[in-house]
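Worksheet: one structure, shown below.
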Amino acid sequence: GGLTGYYDVTVVERPKVEKVVVRCDFPPYTGLEAVTAEFGPEGAADIRGVVGARVTVTVTAGARVKTCDMNVNNEAVPGGNQTVQDGKTRCAWNLVLAPRMTGLWSLQLRDKNGFCNSAFERQMAVLPDNPPTVEIVAPTAREIRLKPTDRMPVEYAAKDDGRIAGAELLIRIDG
């Protein structure tokens, strides 16, 4: 056997996701308060919101990274603004939820040596903003005859996946 030369080897830890913070600001008309959730590296970190919601994803990496990339359904999300604080890199993206975004979102952190983090892939669900529904509960008759001076109470039920700010009843008088 032979002896080869001696080599210096530097072991580096691959980049890793330490923390993910997801903030969802719902459209004003929904009446829903903003929601912020914080996840560790193994946390669910799923994104769920109604079409038009503004989402901010902030990632803290375990060390300095050269690049931060976020993808939704294998499409790059612009942004990834980086800051370094206490030797850790923070990256942030802002996006507005659209129907085509339902699927998977992922993160890829790359260090100066070209090493990447372990796979980080989570679910994204973009919920439709369904129109409100209204049902007349009472009276149940399809045709009612009243004198011009009569009053008729009307009971209705309105439902929406957000909030209902108000409702109006429009009537038509025959004859």
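May I ask you to rank 101, 152 by accessible area, largest first, using a 1.4 Å probe over the protein chains only? It would help to have the intermediate numbers written out before the result.
Details: 101 15, 152 80 Å².
My answer, sorted largest first, is 152, 101.
Just by accessible area at a 1.4 angstrom probe, what is the order of 21, 11, 35 from largest to smallest? Spell out each step's value before the answer.
Details: 21 35, 11 130, 35 75 Å².
So the residues, ranked largest to smallest area, are 11, 35, 21.
Looking at the chain, what % of its DSSP beta bridges pair antiparallel, to the nearest 5?
Values: 44 of 48 bridges.
The antiparallel fraction comes to roughly 90 percent.
How big is the gap, in Å, between the Cα center of the stretch 32-59 and the Cα center of the stretch 110-175?
24
Most mobile of 90, 100, 145 per a Gaussian network model of the chain (Cα springs, under 10 Å)?
145
How much length would be gained if the chain were fully extended between residue 88 and residue 63, taking 0.36 nm per residue of separation minus their Cα-Cα distance, in nm to one decimal?
Numbers: separation 25, 0.36 × 25 = 9.00 nm, distance 0.46 nm.
Fully extending the segment from residue 88 to residue 63 adds 8.5 nm.
Which option, [x] 117, 24, 23; [y] 112, 34, 24; [z] 51, 39, 28, is the value of Cα extents along the principal axes in Å that was calculated from these coordinates?
Computing Cα extents along the principal axes in Å and matching it to [x] 117, 24, 23; [y] 112, 34, 24; [z] 51, 39, 28 gives [y].
How large, in percent, is the carbon and sulfur part of the accessible surface of the stretch 37-110 at a probe radius of 1.4 Å? Please list the in-between numbers first.
Numbers: 1850 of 3930 Å².
Carbon-and-sulfur percentage of accessible area, whole number: 47.
Between residue 145 and residue 98, what is 0.36 nm times their sequence separation minus the Cα-Cα distance? Round to one decimal in nm. Don't skip to the answer; put the middle values down first.
Working: separation 47, 0.36 × 47 = 16.92 nm, distance 4.84 nm.
The residue 145-residue 98 span can extend by a further 12.1 nm.
Of the options 76, 26, 154, report the single residue whose Cα projects farthest towards the positive end of the charge dipole of the chain (beta-carbon charges: Lys, Arg +1; Asp, Glu -1).
76
Could you check how many percent of all C-alpha pairs in the stretch 49-125 are farther apart than 20 Å? Intermediate results must be reported in sequence, preceding the final value.
Numbers: 895 of 2926 pairs.
Taking all Cα-Cα pairs of the stretch 49-125, the fraction more than 20 Å apart is 31 percent.
So what is the accessible area of the stretch 40-99 per residue, in Å², with the probe set to 1.4 Å?
On the way: 3190 Å² over 60 residues.
That works out to 53 Å² for each residue.
The values are calculated or read from the model by the stated rules, or taken from the named source; none is laboratory data. What you see is a predicted model, and the numbers here were worked out from it, not measured in a lab. Neighbour counts run over all protein chains shown; Cβ positions are idealised from the backbone, glycine included. These accessible areas exclude ligands, DNA and RNA; they are computed on the full protein's heavy atoms, side chains included. Shrake-Rupley method; radii C 1.70, N 1.55, O 1.52, S 1.80 Å.
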